[in-house]
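This report concerns only the one structure given below.
The values are calculated or read from the model by the stated rules, or taken from the named source; none is laboratory data. Quick caveat: nothing in here was measured; it's all calculated off a predicted structure. When we count neighbours, we look across all protein chains shown, and the Cβ atoms used for this are built from the backbone with ideal geometry, even at glycine.
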Amino acid sequence: MTKKRQPSIKLYTIGFTKKNAETFFTLLEKNKIKVVIDIRRNNSSQLAIFSKSPDLSYFLENLSNIKYKHFINLAPPSDLLKKYRNKSITWEQFEKKYIKIIKSNDDFNDFNYNLLKSACLLCSEDKPDKCHRRLLAELFKSNNKQIDITHL
């Protein structure tokens, strides 16, 4: 019997909506997250006070010893988000457009995959099914089969 090789990169995703600070930070700490990669267009939103910049960076680094990185160019463009939210495009159309945009993006194409080790992609959506963080995680995995994705 051949032993299945373990993935070398464990990538997590999380959305802060419907989570209080205790739940959010406990999930990150429990899963031994080393870096939070914020992929929101607007990281200063008041939706959850603990998740706005620069407070989030402070909390992560000083209370949980977790590094914080913001990659705004991995977020969907504002006009694309607006079209989806206004229901002028479907989720399937959003997915196709977002993936096309990201695949042509230098921040994606030149991404240092070592940064993904014990990392967590952050956005606002509660669930990953209709969220760009899932799409981005899957794109990373399509480029590196060693990635194992867990949604928190």
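Scanning region 11-25 for residues that are modelled with pLDDT of 95 or more and either over 14 Å from the mean Cα position of the chain (by Cα) or not polar (S, T, N, Q) (or both) returns Leu11, Tyr12, Ile14.
Would you check if Ser142 is crowded, with 17+ Cβ neighbours inside 10 Å and of a type in the set (S, T, N, Q)?
no
From the list Ser45, Ser88, Ser57, the one residue that fits, being hydroxyl-bearing (Ser, Thr, Tyr), over 19 Å from Glu138 (Cβ atoms) and modelled with pLDDT of 95 or more, is Ser88.
Suppose we keep only residues that are charged (D, E, K, R) and within 11 Å of the chain's Cα centre (by Cα) within region 97-137. Which one would you say is surrounded by the fewest Cβ atoms within 10 Å (Cβ to Cβ)?
Going residue by residue through region 97-137, those that are charged (D, E, K, R) are 97, 100, 103, 106-107, 110, 117, 125-127, 129-130, 133-134.
Applying the additional criterion that residues be within 11 Å of the chain's Cα centre (by Cα) yields 125, 133-134.
Values: Glu125: 18, Arg133: 25, Arg134: 20.
Once the filter is applied, the top-ranked residue is Glu125.
Restricting attention to region 60-73, the residues that are among the hydrophobic types (A, V, I, L, M, F, W, C) and modelled with pLDDT of 95 or more add up to 1.
Among the residues of region 116-136, those that are closer than 11 Å to Lys10 by Cα and among the hydrophobic types (A, V, I, L, M, F, W, C) comprise Leu116, Ala119, Cys120.
For region 102-119, the criterion of being in a loop (DSSP other than H, G, I, E, B), touching a helix residue (DSSP H, G or I) at 6+ places or on another chain (Cβ under 8 Å), within 25 Å of Leu27 (Cα to Cα) and aliphatic (A, V, I, L, M) is met by none of the residues.
For region 66-93, the tally of residues that are under 28 Å from Asn31 (Cβ atoms) and outside any loop (DSSP other than H, G, I, E, B) stands at 9.
Considering the conditions (1) within 20 Å of Thr13 (Cα to Cα); (2) in a helix (DSSP H, G or I), Lys97 is excluded by exactly one of them, (1).
Filter region 27-42 down to residues that are surrounded by 13 or more Cβ atoms within 10 Å (Cβ to Cβ) and modelled with pLDDT of 95 or more, then give me how many there are. Of the residues in that region, 9 qualify.
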